[in-house]
Amino acid sequence: MKEITDIIETDNDRETYEVARQMGQKATGGDVICLIGDLGTGKTVFAKGFADGVGVTESVNSPTFTIVQVYESGKIPLYHFDVYRIGDSEEMFEVGFEEYVYGDGVTLIEWADLIEDILPAEYTHILIEKDLSKGFDHRIITVSRVYGG
Ligand code: ADP
Ligand code: MG
C-alpha cells in the first residue's frame, strides 16, 4: 500500500536541501528513506540536506562506487546507499544491506526503485521530478508512506 503524505515544490537546490534537512531532524532509528528520480533531479542534494538534519558533520557525497557510505557523527548513524551501479539485488546482500536496513540507524537509498524487490515492508518513498514548464530548477517532491509490502 502506498499513500501520498506530502507534495512539495521547490525552485532551487537550497529549498530541496531545506525540505530534506527538516525531514532528517525528525528521523529515528530504523527509518528507511527511498529516493527515486532521474539522474540530476536532486537525490544527492536531498541526501546532503537530510544528513545535515540528522546532525552529520562530515561532507556527504554520492557513494556511487562504494554503494554504501556510513556516517556516524549525527544523533543516529546514517547509512547512505547509491545503488545506481548495482547489478542485481544479490549484490546488496553482499554489502550487508540487511544489517543496515534492520540496524539502529536511518537508511537512505538513492535509486531505490532498482532494488524494489528487496526493500522492507515499510518505508518512505520520495519521488523527485522535474517540471520543465515551470523552469529548469523546478522540482516536485512527492512523499509517500509505503506499508504492508
Ligand atoms: P541526483 O543525485 O538525483 O542524480 P544531484 O543531487 O547530484 O542529482 O544533482 C541535482 C542537480 O540539480 C544539482 O546540480 C542541483 O544544484 C540542481 N538543482 C537545480 N534545482 C534544484 C532543485 N530544485 N532541487 C534540487 N537540485 C536542484
Ligand atoms: Mg546522486
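Annotation note: Cβ proximity below 9 Å between a residue of the range 30-50 that is at positive phi and a residue that is among the polar types (S, T, N, Q) and part of a strand (DSSP E or B) (sequence gap 6+ or interchain) occurs for GLY30/THR107; GLY42/THR10.
Report yes if some residue within the range 38-54 is away from ligand 2 (no atom under 16 Å from the Cβ), at pLDDT 95 or above and in contact with a Leu (Cβ under 7 Å, 6 or more places away or on another chain); otherwise report no. The answer is yes, given that some residue of the range 38-54 is away from ligand 2 (no atom under 16 Å from the Cβ), at pLDDT 95 or above and in contact with a Leu (Cβ under 7 Å, 6 or more places away or on another chain).
Of the residues making up the range 95-133, those that are assigned to a strand (DSSP E or B) and either in contact with a Pro (Cβ under 8 Å, 6 or more places away or on another chain) or within 16 Å of ligand 2 (Cβ to nearest atom) (or both) number 10. Among the residues of the range 68-111, just one is among the basic types (Lys, Arg) and closer than 11 Å to VAL54 by Cβ, namely LYS75.
Within 20 Å of LYS43 (Cβ to Cβ), in contact with a Lys or Arg (Cβ under 7 Å, 6 or more places away or on another chain) and touching a residue at least 12 places away in the same chain (Cβ under 8 Å): does that describe THR107? Taking the combined requirement at face value, the residue does not satisfy it.
Among residues of the range 1-59 being β-branched (Val, Ile, Thr) and part of a loop (DSSP other than H, G, I, E, B), the one that is farthest from ligand 1 (Cβ to nearest atom) is THR28.
The values are calculated or read from the model by the stated rules, or taken from the named source; none is laboratory data. Since we're looking at a predicted model, the values are computed, not measured. Heads up, the Cβs are rebuilt from the backbone with ideal geometry, glycines too, and the neighbour counts pull from every protein chain shown.
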